[in-house]
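First the structure, in the form of structure tokens, and then the observations on it.
The values are calculated or read from the model by the stated rules, or taken from the named source; none is laboratory data. The model shown is predicted, which means the values in this text are computed figures rather than measured ones. Cβ: placed from backbone, ideal geometry, glycine included. Neighbour counts: every protein chain shown. Only protein heavy atoms, including side chains, enter the accessible area calculation; ligands, DNA and RNA are left aside. Shrake-Rupley method; radii C 1.70, N 1.55, O 1.52, S 1.80 Å.
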Amino acid sequence: KEEPKKEEGKASEFSVAMVTDVGGIDDKSFNQSAWEGLQKFGEENGLKKGKGGYDYLQSQSDADYATNLNKLVRNDFDLIFGIGFLMPDAITEIAEQKPDNKFAIVDSVVKKPNVASIAFKEHEGSFLVGVVAGLMTKTNKIGFVGGMEIPLIEKFESGFIAGVKAVNPNAKVEVQYAGAFDKADKGKAIASSMYASGIDIIYHAAGATGNGVFSEAIDLKKQDPNKEIWVIGVDRDQYEEGKVPGTDKSVTLTSMVKRVDVAVYDLATKTKNGNFPGGQVVEYGLKEDGVGIAPTTKNNVPEDVLKKVDEWKQKIINGEVKVPTTRAELK
Amino acid sequence: MLHILEIIIPSAIFFAAPLIFTALGGVFSERSGVVNIGLEGLMVIGAFTGVVFNLTFADQFGQLTPWLAMVVAMVVASIFSLMHAVAAISLRADQVVSGVAINFLSLGLSLFLVKMWYGKGQTDQVQVGFDKIDIPILSKIPVIGPIFFSNGYVPSYLAIVLAFVVWYVIYKTPFGLRLRAVGEHPMAADTMGINVTKMRYIAVMLSGALAGIGGSIYATIISRDFSHATISGQGFMALAAMIFGKWHPLGAMGAALFFGFAQSLSIVGQAIPFLKNVPTVYLLILPYALTILALTGFIGRADAPKALGTPYEKGKR
Amino acid sequence: MSENRLTNILVPVFAVILGIIAGAIVMIVSGYDPIAGYSALLYGAFGDRYYIGETIRQVTPYILAGLAVAFAFRTGLFNIGVEGQLIVGWLAAVWVGVAFELPKVIHLPLAIFAAAAAGALWGFIPGFLKARFRVHEVIVTIMMNYIALYVSNEIIRSVLSDQGFKSEKIHPTASLRSEFLQSLTDYSTLHYGIIISLIAAVVMWFLLEKTTTGYELRAVGFNQHASHYAGMNVNRNIILSMVISGAFAGIAGAMEGLGTFENVSVKAGFTGVGFDGIAVALLGGNSAFGIILAAILFGALKVGALEMPSAADVPTELVDIVIALIIFFVASSYLIRLVLTRLKKEGK
Amino acid sequence: MLNIRKVFGNFVANDNITLQLKKGEIHALLGENGAGKSTLMNVLFGLYQPDGGEIRVKGKKVNIVNPNVANDLGIGMVHQHFMLVDTFTVTENIILGSEPTKGGQIDIEKAEQEVRELSERYGLAVDPKAKIADISVGMQQRVEILKTLYRGADILIFDEPTAVLTPQEIQELIQIMKSLVREGKSIILITHKLKEIMEVCDRVTVIRRGKGIGTLNVSETNPNELAALMVGREVHFKTEKQPPKAGKPVLEIENLVVKDSRGVTAVDHLNLTVHAGEIVGIAGVDGNGQTELIEAITGLIKSESGSIRLNGKEIRNLTPRQITETGVGHIPQDRHKHGLVLDFSIGENMVLQTYYKEPYSKRGVLNFKAIYDKARQLIQEFDVRTPDEYTKARALSGGNQQKAIIGREVDRDPDLLIAAQPTRGLDVGAIEFIHKRLIEQRDKGKAVLLVSFELDEIMNVSDRIAVIYEGKIVAIVDPKETTEQELGLLMAGSKRKEAGVSS
Ligand SMILES: Nc1ncnc2c1ncn2[C@@H]1O[C@H](COP(=O)(O)OP(=O)(O)OP(=O)(O)O)[C@@H](O)[C@H]1O
Ligand SMILES: Nc1ncnc2c1ncn2[C@@H]1O[C@H](COP(=O)(O)OP(=O)(O)OP(=O)(O)O)[C@@H](O)[C@H]1O
Ligand SMILES: [Mg+2]
Ligand SMILES: [Mg+2]
């Protein structure tokens, strides 16, 4: 039953699919971004959504990763993405079982000849938003809210703090982890306590937990429109998330965007052209336009600050400044 | 220290409010003799309805939207609770099991609908929420004012007022007397011409209504969208608060506030010097561990309504 | 007698049929094609040997979780804490699997035993509190679930990894995986756990129905006063029941830790298997054999559901609705019984 | 009530029964257990809907669809099992369902005032503010009566009101009933006690197996005729028995002190000896320590001090199992709570204390063949009416459940058999059977300790009567040399001397 389809698929087109983690393709974060990249790739190459074109499967729990990957293998997709740092075990396993298939993993590293690993230099992007925060703070107290305390998020934290300190050594950054990426209530409570203690800018790297940070900031702003409090978004441009109802203002100061879409699109294109970087780690940083600050930053951040940010960006790209990726390096 | 209280107490209150509403619902249901493990699911329905209504009608109703969403969530959840009522009261199902089914069903159904309507795993963020307020006059009281009456949400204060209303209803009105009689000794109530089935239906639907409110204000104030993780355990916390509070409305409110306090402490705790070195895990499990300790008799014995969990069959001895 | 038994079998069968019909109605109302939906589900559960392997893999913890719920239920206790017991069992199994290097004949049983012991400990606490302070086990077990979740997450972070989010992979000597089963099922994650589950089902049946211990446990479950009167140690039996139930749940965790995942990671929420166990036990009529059948049904539904979005565009949540409705219909079996007696009467 | 018919499933509980109640009379309703008395009354009170026949009140056909309608028609019922909410006060129980209100709130003061007035008018002496849990059974019954009066009932139904009362309380109740009739009320009285019918009733309707047998004027009949009508055959009231051949002491209790669940001393330095080959009956008003005494002997609760010896061996505060194995059999007072696991089959219930012993189990594994063989034998021997030994105990009627328990306890052949209220709620036929079995044990040289609130039973069956009052044995009397009046006084706490008998 599968044989004829295989020939048909292989002969005519290149097909690509991805497995999301539990977030789904609209998590306003890397799953959504990845899907946007895949859609762009599909549309540009005239592919249809579904088998033989481009598609995705959403996981209900971590038990589903392997099953979903396997399912895509069985549907003969030429390149299969695993999105998220929870996926490497499943990818490793399936990649071993199916050495003839090509896989790619986002946000993690799998050392297999048929797996390409996509990594981002989140610390570089975080550094830039750290610069914004360091220059914009009025109270010299800045907050960082992490999802889970894992090495990946530590990259955000370290880069951010380094950015703040680079421009404003007097500013204090308070760090708190919510312990989960889907606990808005925790995010809100942390934000509430941070703002109450005089912190005026919070950078969150906490997925849906960050929704709570936005919600608190918006409510405070509604209560007192003159209050100077800000949120820094993550992964995507979160300007919309920060909109204060009844006004045209947003509490989103800036966002550290992680262009998973760029990376996914890029890797798919490479693979289609026969340049699959199997076994390699492909890094996307400021230089590759893989991370950066959101264009909407100009709405709330004055020109001179943006200029400063740009200077730092150049320094990083040039290699003049090396951004730390761990707390140890930060010190 | 005072400053820390100003941080902890307001967030304790807004954490507690959904629990208070839901726990008060639990008081109604269980006082009438119907166990309601389904509070969690009813909160899910409330959260789902509240968010969907808010997203759909925010343009029409403007600032009124969250309030209307709350009312609609209340109505929908109380209709949904009818399933539990029918199973537990009319069909004599095991009440715990029926509650578990409610929890499964509400989550499955609401996520199914979210996927169908929005084509994705969670809704968008609601744009119109409740406003934060400082209560006029009261918030000006020195010391207490900033701690208790500032930076709060209206529904939170409503929850506390409601606890007193429920207390009045249950202990001072004929309805309350009958409700308690039905939960203690349904056959006695029956012989006194009280319609046991009707009373229990009303009680379960009230629990649905209040859990619906609890869920909707949770979603509107705290999570702002609806997904599989929006309500994850709050209903069980409310249940615990109700038991902790000995099936008494004011007790349930007190317990909910206490849980809110523990939760807010577990979050804010990291900023408090002497708690800084305590691993977060201790603060995370604090509410649960305390509930267990409380149940073991720390706060005296709690006597559940006698007929709790037993379906009433006319003429059965 | 036999008529009664027939009803006992017919009730769950009717419940399942009603649940599936209701699911079809939901699909029709929502504008999906129920035939396409259910065919996708069926294909995704049993379509070929790979899917069958995945289904059996899912059935494995379901059987054990169902046994855990049912064992407590049969002895008068409602163990909603299976989820938490499963989590600590999973943790313990992986811990042993990672920390030691031993020959397989020792390592694997030791890891499973550790899981059982951890689950048993987690069951012991509510059992003890019930025996000693008459605290209702439903509430304590719910609380224990959360404590299990947070404590195990913390241990994974600070003991099993260096502030990471998952443990290392267990040593192969502690693994339930097998090349043979994988080759048989085209690289599914099927592992030897299914055999352990089936053995556990037999153990539960024998223990409860055939031994004096089981007699005591059941007696205490039905009537503590009469059991006390008859000279049984009521408190000891309550604790024992929760301990055994917890051990089953712990082993269910071992199935995940030693078979499906071969590691343990920080969880943002519950696995759901423990709660599904309630459904399994209930549909299975709390009997060992019934639980196996119910676990197969629910396992197939869960695994098959994954095929529904891609093949028929139906959200996987449909299956959760169907399962919930099945529980509902079983719980409300009074209605089904009523209909059945009506039918019987008219048949006469 | 004319030609009332009520069917449960295939079972006809009431088969064309007619009962006519005249104004101002006390009308007895008599029948065996399960004859259909309660069912008939529940139909009258609107709890059940009749499948046939009609009810007329003051000549008008009525349709009583629920208790509210019954209340409106002036029909009130005092139920066999009290319908009171323990945690409520007397007043709350009385007003429940028709509460006086003031601005939406219950007007509790007004209600209490009304209850007080009613209570005084009928000489009921009830404290409106007391919690039900804190008042005696007799008082609770008065609350039940007040409930009906509060709703303005003219027709009062009493379902076995005397079963739970002490002789003194029964006398008081009879006075109350008489005063009610004087005030123009009519009463239907259900009772198994023929003596009471003879004493207070004007007419009596007898039903048997759901069928009405007829209505008689009490003044024109006698207990023997009534019993025969009820059962359908001759009944012997006096149990035949040989004089006892008392042997060595089997049970010796000295200075026993037991506290009840609330920590109040319930058994207070009690002394009692029971010999082989005799039946000692314990007479006393409920709540004087009988329950605690028995539970202490059988090990169900711990005692504070003193000594309990069985055949010379100290058994105080051993576990129930150790005590059972020493040779104590116990027919518990509450058969549903202690006596049976209702959801076990009859067979499994038959080995409740012996399941772990051979031949019922070997190396921890049960031998169901042996268990059910034993069950069949006992079912046969003790005439337990059950479809088979696999039937759940729950499905049996009370009398048959009791027979099963007695079979099990007697079969273990204990040296001491404790029977607590063994015939409570049973009909005369079943009572006769159980009394015979107790005497049989005695004649086999066993010691029997009987606790009962029925003075008839105590007088009939015992060889010696020990009167218990406030946790002490206040007197030991010979049933042949005493009267119910004397016993009643002793039970009420008056000293023997005052009763005119030297000790
Ligand atoms: N709800 C019921 N469903 C089925 N059968 C019933 C029900 N209630 C009573 N019966 C049947 O009707 C018969 C009459 O019961 P009822 O309670 O009226 O007896 P009774 O004369 O009051 O007996 P007792 O002297 O023990 O009080 C019972 O033996 C029983 O078989
Ligand atoms: N609600 C009921 N539903 C079905 N059967 C019933 C019900 N109540 C009683 N029965 C049946 O009626 C029969 C007699 O029951 P009942 O309790 O009236 O006996 P009894 O001799 O009056 O007992 P007791 O001495 O405890 O009053 C039993 O076979 C029982 O199974
Ligand atoms: Mg009876
Ligand atoms: Mg009766």
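Summed over the residues of segment C:62-295 and divided among them, the accessible surface reaches 31 Å² per residue at a probe radius of 1.4 Å.
FRET efficiency for the pair residue D:394 and residue D:208, taken as 1/(1 + (r/R0)^6) with r the Cβ-Cβ distance and R0 = 22 Å, rounds to 0.30. Taking other residues whose beta carbon is less than 12 angstrom from the beta carbon of residue C:154, and scoring Lys, Arg as +1 and Asp, Glu as -1, yields +1. Kirkwood radius, chain C, all distinct C-alpha pairs, inverse of mean reciprocal distance: 20.9 Å. For residue A:329 and residue D:334, FRET efficiency with R0 = 51 Å and r from the beta-carbon atoms, rounded to 0.05? Once rounded, the FRET efficiency stands at 0.10. For segment D:78-93, the residues whose backbone nitrogen is under 20 Å from a point 7 Å from the Cα of residue D:62, taken along Cα to Cβ, are D:78-80. The simple Förster model, with R0 at 56 Å and r as the Cβ-Cβ distance, assigns residue D:260 and residue D:363 a FRET efficiency of 0.85.
The mean number of partner chain beta-carbon atoms within 10 angstrom of a residue's beta-carbon across peptide B:169-178 is 4.
Axis angle, to the nearest 10 degrees, between helix D:428-443 and the longest C-alpha principal axis of chain D: 20 degrees.
In chain D, excluding the sites themselves, the longest stretch lacking any of the chymotrypsin sites (Phe, Trp or Tyr not before Pro) that are in a DSSP loop with at most 14 other Cβ atoms within 10 Å is D:1-236. In the protein assembly as shown, the calculated helix contribution to ellipticity at 222 nm averages -16500 deg cm²/dmol per residue, counting -39,500 (n - 2.57) for every DSSP H run with n ≥ 4. Amide H to amide H distances under 5 Å link residue C:79 with C:73, where only residues 5 or more positions off or on other chains count and H is placed in the peptide plane.
For chain A, the antiparallel share of DSSP beta bridges with both residues in that region comes to about 10%.
Accessible surface buried at the B:A interface totals approximately 2800 Å², computed with a 1.4 Å probe on protein heavy atoms. Chain C packed on chain B takes about 3600 Å² of accessible surface away from a 1.4 Å probe, both sides summed. In the protein assembly as shown, the alpha-carbon atoms span a convex hull of 201 Å³ per residue.
Note on B:107-114: average number of Cβ atoms from other chains within 10 Å of each residue's Cβ is 6. The residues neighbouring residue B:182, those whose beta-carbon lies less than 10 Å from its own, together hold a net charge of +3 under the Lys/Arg +1, Asp/Glu -1 convention. With a threshold of 21 Å on the Cα-Cα distance, the over-threshold entries among D:23/D:58; D:23/D:60; A:272/A:313 are A:272/A:313.
Looking at segment D:257-354, the accessible area is 33 square angstrom per residue; that uses a 1.4 Å probe and ignores ligands, DNA and RNA. Under 18 Å from the Cα of residue B:314, which lysines turn up, not counting those fewer than eight places away in the same chain? Here the lysines satisfying the reach criterion relative to residue B:314 are B:198, B:306, D:6, D:37.
Solvent-accessible area of segment D:279-435 (1.4 angstrom probe, protein heavy atoms only): carbon and sulfur portion equals 47 percent. Here the scattering of segment C:118-261 is modelled by Debye summation over its C-alpha atoms, one equal scatterer each and no solvent; at q = 0.09, 0.10, 0.12, 0.19 Å⁻¹ the log10 of I(q)/I(0) is -0.40, -0.49, -0.67, -1.15. For the residue pairs A:111/A:331; D:193/D:248; A:28/A:172; D:403/D:472; D:444/D:480; A:188/A:331, alpha carbon separations beyond 26 Å are given by A:111/A:331; D:193/D:248; A:28/A:172; D:403/D:472; A:188/A:331. For segment B:1-71, the fraction of 1.4 Å probe accessible surface lying on carbon and sulfur atoms is 71 percent.
To the nearest ten degrees, helix A:303-318 and the longest principal axis of the Cα atoms of chain A are 50 degrees apart. Loop-located trypsin sites (Lys or Arg not before Pro) across segment A:195-236 with a Cβ neighbour count of 16 or fewer within 10 Å are A:227, with loop assigned by DSSP.
At the listed q of 0.11, 0.22 Å⁻¹, the Debye profile of segment D:335-413, built from one uniform point per Cα, gives log10 I(q)/I(0) equal to -0.24, -0.95. Association of chains D and B removes close to 2000 square angstrom of accessible area from solvent, both sides included, for a probe radius of 1.4 Å. Per residue, segment D:4-231 exposes an accessible area of 41 Å² to a 1.4 Å probe, with every protein chain left in place.
Full extension of the chain between residue D:12 and residue D:129 yields a length gain of 37.8 nm, computed as 0.36 nm times the residue separation minus the alpha carbon distance. For chain C, the membrane-span-like helices by this rule, meaning whole DSSP H stretches whose C-alpha atoms cover at least 27 Å of axis and whose Kyte-Doolittle mean is 0.5 or above, are C:2-29, C:49-74, C:104-133, C:137-158, C:234-254; this says nothing about an actual membrane. Peptide B:117-128 has a mean shielding of 5, counted as Cβ atoms of other protein chains within 10 Å of each residue's Cβ.
Karplus-derived 3J(HN,Hα) values for segment B:15-22, using 6.51 cos²θ - 1.76 cosθ + 1.60 with θ = phi - 60°, are 5, 6, 3, x, 5, 5, 3, 5 Hz; glycine and proline are entered as x. At 1.4 Å probe size, with the rest of the protein present, what percent of the exposed accessible area of chain A is carbon and sulfur atoms? The nonpolar share, carbon plus sulfur, comes to 48 percent.
Restricting segment A:224-331 to GluC sites (Glu not before Pro) that sit in a DSSP loop and have at most 15 other Cβ atoms within 10 Å of their own Cβ leaves A:228, A:320. Write down the percent of antiparallel bridges among all DSSP beta bridges whose residues are both part of the protein assembly as shown, to the nearest 5. So the antiparallel bridges in the protein assembly as shown amount to around 40 percent. Distance between the 7 Å Cα→Cβ label points at residue A:320 and residue B:278: 4.8 nm.
With 40 Å² as the minimum drop in accessible area between chain alone and full protein complex (1.4 Å probe), the qualifying residues in segment A:16-62 are A:26, A:28, A:60, A:62.
So how tilted is helix B:234-244 from the main axis of chain B? Cα-based, degrees 0 to 90, rounded to 10. Compared with the principal axis, the helix lies near 70 degrees.
Across segment D:54-70, rounded Karplus estimates of 3J(HN,Hα) from the backbone phi angles (6.51 cos²θ - 1.76 cosθ + 1.60, θ = phi - 60°) give 9, 10, 10, 10, 6, x, 9, 5, 10, 10, 8, 8, 7, x, 4, 5, 4 Hz, Gly and Pro being marked x.
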